[in-house]
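Only one structure is covered here, and it is reproduced in the block below.
The values are calculated or read from the model by the stated rules, or taken from the named source; none is laboratory data. Because the structure is predicted, anything quoted here is derived from the model rather than measured. Methodologically, a virtual Cβ is constructed for each residue, glycine included, from the backbone with ideal geometry; neighbour enumeration extends over all protein chains shown.
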Amino acid sequence: MAKAVILIIEDEDDIQEMLSLAMAKENWSLHVAKTGEEGLAMLKQHPADCVILDIMLPGIDGFKVLKKIKGEPDMKGVPVIMTTARGEEADIVTGLELGADDYVVKPYSPKVLTARVRAALRRREEAAEAPKERTCWRQGRISLDSAKHEAALDEKPLNLSATEFALLQHFLSRPDLVFSRNQIIAAVHGSDYPVTDRSVDVQILGLRKKLGSAGDLIETVRGIGYRLKSL
C-alpha cells in the first residue's frame, strides 16, 4: 500500500515541527505549507489523503481555505481536520458546516491528532472498498446512497462532511434504535477514537442544521443519546 500523503497547513514553526516529528513515526509522506494560498497550490499539485488545517492563518483564513477545498470536485473528498486556538461552539459549527471532517482545539496532544488522522484515513479507505449488500436508505424526505456517497433532502444534494455522512448513514440504516454517544463514536470513528461527548453533540447539531426541518427526525433521548425516528 502506498504511503498516505498528509498536508499540514500551519504557520507556526514550532507546531509544524511538532506535527512533522509525530507523523513521521507513522511513515506518512508529509507536505507543509505556511499559508492558505500555498496550501491550496500544493494540494492541486500534489493530491493529499488528509489535510490538517489551522484556522488562524496569514492571508486567507482556514475557513476560506476549507470552502475552496470542498468547492473543488477533485479535492472535496479529501478529509480535512481543522485546528484552532478558539474553542467557541460557533467556530466549531462553522467549520463543520463548511465540510470539515473533524476539529481539534489547541493546545492538543500530537498523539491525539495523529489518532484522528488515522481514523480519517481509515474512513476514506473503507469508503473506497466494495459496497456492502445494501447501499441505499430513505426516511421521509431524506435519502442516502453509500455506494455513490450521495445524500439528499427532497431530492436535492446535501453537502455533508465525511463524518456527517457516516452519522446519517448510521442512523438511516438503524431507524428507531437508540445509541449512546460512545456507541455513535465507535460506529462512525472506531472504538479507539479520542473524542468527547460534547464533540458528538456538536457533530449532531451540525447534521441537524444541514437537514433543516427534517433534522427533527434525529431525536435526543435524554440521559442516553440519540435515535432517528422512522416514518
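Annotations
- For the condition free of Cβ contacts under 8 Å to residues at least 12 places away in the same chain and either in a loop (DSSP other than H, G, I, E, B) or outside the structural domain of A90 (by TED's automatic domain parsing) (or both), E219 qualifies.
Residue-by-condition table, conditions (1) polar (S, T, N, Q); (2) loosely packed, with under 15 Cβ neighbours inside 10 Å:
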| position | (1), (2) |
| --- | --- |
| V104 | no, no |
| L113 | no, no |
| C136 | no, yes |
| S143 | yes, no |
| K156 | no, yes |
| N159 | yes, yes |
| H170 | no, no |
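- If you go through region 57-85 and keep only what is touching a helix residue (DSSP H, G or I) at 6+ places or on another chain (Cβ under 7 Å), assigned to a loop (DSSP other than H, G, I, E, B) and of a type outside the set (D, E, K, R), you end up with L57, G59, I60, M75, V78, P79.
- Residues that are farther than 15 Å from S161 by Cβ and surrounded by 16 or more Cβ atoms within 10 Å (Cβ to Cβ) within region 53-63 comprise D54, I55, L57, listed in sequence order.
- Pairs where the first residue, in region 155-171, is touching a residue at least 12 places away in the same chain (Cβ under 8 Å) and the second is among the hydroxyl-bearing types (S, T, Y), C-beta under 6 Å, 6+ apart: Q169/S146
- The set of residues in region 86-102 being in a helix (DSSP H, G or I), surrounded by 21 or more Cβ atoms within 10 Å (Cβ to Cβ) and among the hydrophobic types (A, V, I, L, M, F, W, C) consists of I92, L96.
- Residue ID - farthest from E89 (Cα to Cα), chosen from residues in region 195-225 that are of a type in the set (S, T, Y) and within 19 Å of the chain's Cα centre (by Cα): T196
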